[in-house]
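Enquirer: The structure that follows is given in the form of structure tokens.
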Amino acid sequence: MSLGDHLREFRNRVLIAAAAVVLASIIGWIYYDPLVFRLQEPLRLSAAARRANVILSFPDITGAFSLKLKVAVFVGTIVASPVWLWQIWAFIVPGLHKREKRTALAFITAAVPLFLLGCWGALYALPKAIEVLLDFTPVGASNILQADYYLTWVTRFILSFGLAFLLPVLLVALNVIHVLPAHIMLKGWRIAVVLIFTFSAMMTPTPDPWTMFALALPLCGLYFAAYGVARVLDSRRARREPDYSHLADDEASPL
């Protein structure tokens, strides 16, 4: 396939993914009110616990419309995740052998549950993150938050968790295309753990360690799960290779 064909295929898959997100965004548009009510729940709980006044405001007349559009696209991104994740995978698949396609297809199927699991984990960590941030408010003061800022922050927080949980799929994909052997993953596990905790500290905007651990610990577990899968794939690949595959080009084989 020529470079032009690759670029046209990439364009087509991007258009398909974008169309799926747009169509799925209709769901977010329809269920906007109950969804926003659910995303405001951590604010209400924290305000009730602190007996403080926490409200959302719209600074301009177009703010409500633009916010509804952003939330709809956020919902569309999550609902359409099977489509755009498949389009990413389908763009990579033509470069793999038939056996590798069958093996890796099982793991790309796991990408959607992992993405949704990460989004659910963000909803679990979100109340604690908001509680810690609101605790910095002085006694007697009120929190008047811009609705656009708050809900944009919340949706990015949830999407960051979802995308982070795709780590094992990425690692297994690199192993399938012979870029990341399992022994390299095991050898560099200390560096990987440090990078995971650094990433988690950057992605969680609260100063407390609990939110960071809520993201970092599952990612560490997923990293070692990906190593286990990669080791199995490497073992199968090694059994299929001939005995002389490890020899140098100028070294005679036993044959």
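The values are calculated or read from the model by the stated rules, or taken from the named source; none is laboratory data. Quick caveat, the model's predicted, so the values are computed rather than measured. Cβ sites come from the backbone with ideal geometry, for glycine too, and all protein chains shown count toward neighbours. Surface accessibility is based on the protein's heavy atoms, side chains included, excluding ligands, DNA and RNA. Shrake-Rupley method; radii C 1.70, N 1.55, O 1.52, S 1.80 Å.
Enquirer: Can you bin every Cα-Cα distance in the stretch 121-178 into 10 Å intervals starting at zero and give me the percent of pairs per bin, rounded to whole numbers?
Expert: Pairs per bin, as whole percents: 18, 36, 23, 14, 7, 2.
Enquirer: Once label points are set 7 Å from the Cα along Cα→Cβ at both Phe136 and Ile27, what is their separation, rounded to one decimal in nm?
Expert: Spacing of the two 7 Å Cα→Cβ label points: 3.6 nm.
Enquirer: Next question. If you rank Trp89, Trp189 by how much accessible surface each has, with a 1.4 Å probe, what is the order from largest down?
Expert: Descending order: Trp189, Trp89.
Enquirer: Hey, if we sort Arg156, Arg8 by accessible area with the 1.4 Å probe, largest down, what's the order?
Expert: Arg156, Arg8
Enquirer: Note down the Stokes-Einstein diffusion coefficient of the stretch 3-239 in µm²/s, whole number, using a Kirkwood radius over alpha carbon pairs, 25 °C, and 0.890 mPa s.
Expert: Roughly 123 µm²/s, to the nearest whole number.
Enquirer: Given a 1.4 Å probe and heavy atoms of the protein chains only, how would you sort Leu134, Leu117, Leu195, largest accessible area at the top?
Expert: Accessible-area ranking of Leu134, Leu117, Leu195, largest first: Leu195, Leu117, Leu134.
Enquirer: Roughly to the nearest percent, how much of the accessible area of the stretch 112-239 is carbon and sulfur, given a 1.4 Å probe?
Expert: 72
Enquirer: As a test question: what accessible area, to the nearest 10 Å², does Leu170 have when a 1.4 Å probe is rolled over all protein chains in place?
Expert: Its accessible surface works out to 100 Å², give or take rounding.
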